[in-house]
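To start, the structure itself, in structure tokens.
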Amino acid sequence: MGRDTALAADVWRVRPCELNPCVRAPGVGSMSRRALRRLRGEQRGQEEPDGPLEEEEEERPQSQGPHSAGSLKLLGDRGLSNPFQLITDLDGDPASDPDTSPGTQTTLTEEGDVAQDGMVSDLQAAPAGKSKRKKKKKKGKKSGGAESAPDAGTDDASGVADIDRILEKIENSNGFTYPSQTGGSADTRPLLYVEHRNLSPETELKKYFGSRAVLGDQRLRQRQRPHQRSTWLTSPKNTWPRYSKTGITMSLLETRRGVQHFTFEHQRDYQQVQFKFMDAVESMDPNNIVLLLQMNPYHVDSLLQLSDVCRLQDDQEMARDLIERALYSLECGFHPVFSLTSGTCRLDYSRPENRGFFLALFKHMYFLEKRGCPRTALEFCKLVLSLDPENDPLCMLLLIDFLSLRSREYSFFIRMYEEWETHRNLSQLPNFAFSVPLALFQIGQQDDISEDEKKTSHVRANHLIQQALIMFPGVLLPLLDLCGVQPDTMVANHSFFGPVTQISQPPALSQLTSLYIGRCLGLWKEAAVMSWLETNVNEVLRLVNSNDPVVQECEQRRKVRYQSAPRNIHRHIILSEIKGASSALPLEVTSQPVLGFDPLPPLDSIVSYTRPERANRPTNEGTLSLFFRSLLPNFNLQGEPLQDGEEAGAGRDLNRGVNRLMAAMRDMLANIQFQEPPREDNPDEEADAEPPPR
């Protein structure tokens with residue numbers, strides 16, 4: 001009786017909405033027609049059994065089809081009286097469900113009988129039964145939650161263990177390192193992990209100036225421009241020529257130990273453009289490269305070479321735009337599997353097709369640092385290093401410390417030093433020997449760390465800076481000189497830091513120290529840093545005066561090592577364009593021509609296609625011969641062997657005629673005489689005098 005009363009109350013609660021759709025039930029918003037139909041279906045299913053439903057049940061057997069008897073028998077075998085219970089009871093047999101009471105089955109039966117009046121009622125009856133079923137499931141969970149909690153915890157633990165085991169197998173098979181689900185911090189990621197959002201300089205500029213100041217009307221221009229392919233390395237501009245396939249593709253060579261090795265490939269059309277570019281470079285005329293770019297606006301080597309020309313002419317904006325266009329052209333040719341962020345994709349610098357990508361990334365990073373985006377430049381530095389971390393063809397390890405300190409990524413830099421010191425000996429590079437203690441000192445100056453951490457960082461920084469000063473004493477005085485700091489008399493006159501030490505340095509060590517001082521001197525100009533450096537210099541002098549064995553050991557180490565620098569360090573110095581380091585390059589490097597699109601190519605280059613041989617041209621030509629050759633490409637100097645046949649005879653006659661013309665012009669130029677101007681002391685006599693005979 002209580003249940004019937006509750007059902008009647010529910011019916012009366014929804015009837016105002018049924019009579020007038022504009023009337024809202026308490027706590028319910030405006031209803032749609034679909035919701036009203038659903039409420040009407042629930043109302044019909046909640047009427048009393050002795051109502052008109054019984055009459056419909058009596059009429060139903062007459063309207064049932066030939067399959068009604070079989071269906072009823074099937075329902076009887078399953079213990080069901082209503083076919084719609086097959087839809088609503090998804091958990092199994094309702095007879096075996098302890099939560100299903102006979103009263104509930106009666107209600108569902110009544111709803112199903114009424115709902116067969118039409119298709120709309122069929123769709124309305126199932127949600128009503130589902131809602132009641134969910135309520136009873138919740139009650140069962142509340143009552144049996146305490147008993148099932150231990151079992152659920154065991155299942156979750158086993159599931160997590162299985163997931164960890166699967167991830168470990170994947171990591172061992174393909175080399176990927178996945179961050180944990182709970183910790184997405186930088187410490188759990190791979191060291192050279194690259195984030196797509198950090199490759200855009202706008203992300204960094206927004207932090208400094210705000211999105212409104214950075215974007216401006218850029219969004220409106222993006223809506224108006226035609227659709228262009230979106231890329232990660234750079235954003236295409238409206239001023240760029242329309243992009244079409246250039247003939248650059250990428251292929252997967254092999255996969256070893258989870259590391260994928262790719263290479264760029266030049267198609268036949270691109271190879272022909274490459275040959276024309278080599279001719280334009282040999283002509284020593286930048287206008288020929290401009291003409292080539294007008295026909296092929298996305299030729300990578302032409303863009304790199306012309307960018308250097310624009311930069312030498314102080315057109316930094318155009319130089320940067322050309323580099324971005326080269327990156328866009330290369331990224332459009334990426335392999336579908338090639339990833340910028342995984343850290344497992346490799347490119348071999350010994351292949352000439354891959355060098356354009358390395359150099360474009362390096363020069364783009366250079367422009368980003370000059371633009372005031374050191375964090376974005378650091379991300380590109382990690383990207384270049386991840387392409388070939390074993391060989392490091394552009395020697396990014398000489399630059400990553402500067403970008404880390406500029407962008408205040410001290411934790412990343414310290415982590416890199418700790419992980420790579422054992423197998424790369426980073427402490428033997430002057431930039432790491434001085435930058436690591438500087439990073440630890442800057443960490444100790446921060447306010448968001450505890451006093452114990454500050455003390456630990458300070459002690460460790462003092463120890464490392466003293467080791468750096470003992471190992472590389474030739475860095476101190478040039479660094480203080482460029483920073484505008486006058487050293488103490490005791491320090492300046494001491495033989496350990498004096499000019500004798502700088503002169504006696506090996507040539508390779510002089511290149512490394514000059515490179516570091518010229519690049520990182522701005523990081524040492526702070527007053528707190530100078531005071532900290534002065535304290536440690538005095539401590540080093542005390543160790544030197546006491547004949548500490550560490551000093552002698554470091555001196556012997558300097559004499560054995562740093563005799564000659566590898567080719568990648570020379571390539572890095574050329575690309576960096578730091579005056580002090582460039583002047584310290586050996587003669588065998590400075591005496592050979594250096595091209596901007598391929599500086600100091602590797603000696604073990606893997607050549608996939610060669611340039612066709614050109615006809616031999618004489619080298620003893622004069623200015624006039626070169627002039628005629630520019631007008632007549634088939635012109636041959638006297639004495640040069642000619643071909644046989646009619647073409648040879650025609651060419652011989654042409655050469656004879658040109659040679660006679662040259663002889664006549666030579667005689668004419670030799671007989672030209674200039675008349676002397678009249679003297680001012682006796683102009684009348686000069687006027688009456690006869691002209692000199694010719």
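The values are calculated or read from the model by the stated rules, or taken from the named source; none is laboratory data. The structure displayed is predicted, hence computed values, not measured ones. Here Cβ is always computed from backbone atoms with ideal geometry, including for glycine, and neighbour counts include all displayed protein chains.
Figures for the structure shown
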item: Count of segment 336-378 residues which are over 18 Å from Leu192 (Cβ atoms), in contact with a strand residue (DSSP E or B) (Cβ under 7 Å, 6 or more places away or on another chain) and hydrophobic (A, V, I, L, M, F, W, C); result: 1
item: Any chance Ser307 is touching a residue at least 60 places away in the same chain (Cβ under 8 Å), part of a helix (DSSP H, G or I) and either closer than 29 Å to Ser386 by Cβ or among the hydrophobic types (A, V, I, L, M, F, W, C) (or both); result: yes
item: Per-region count, segment 596-612, residues surrounded by 13 or more Cβ atoms within 10 Å (Cβ to Cβ) and modelled with pLDDT under 90; result: 1
item: Residue under evaluation Ser504, criteria (1) at pLDDT below 95; (2) under 15 Å from Val540 (Cα atoms), criterion not met; result: (2)
item: Residue identified as part of a helix (DSSP H, G or I) and of a type outside the set (Lys, Arg) among Glu390, Glu379; result: Glu379
item: Residue satisfying all of: in segment 400-449; in contact with a Ser or Thr (Cβ under 7 Å, 6 or more places away or on another chain) and free of Cβ contacts under 8 Å to residues at least 24 places away in the same chain; surrounded by the most Cβ atoms within 10 Å (Cβ to Cβ) among these; result: Gly444
item: The lone exception for Tyr562 - which of (1) in a helix (DSSP H, G or I); (2) of a type outside the set (Lys, Arg); (3) crowded, with 18+ Cβ neighbours inside 10 Å it fails; result: (1)
item: Spans of helices (runs of 4 or more DSSP H) in segment 445-493 with at least 3 residues within 21 Å of Glu418 (Cβ to Cβ) and modelled with pLDDT of 95 or more; result: 451-471
item: From Gln442, Gln446, residue being within 19 Å of Ala527 (Cα to Cα) and over 29 Å from the mean Cα position of the chain (by Cα); result: Gln446
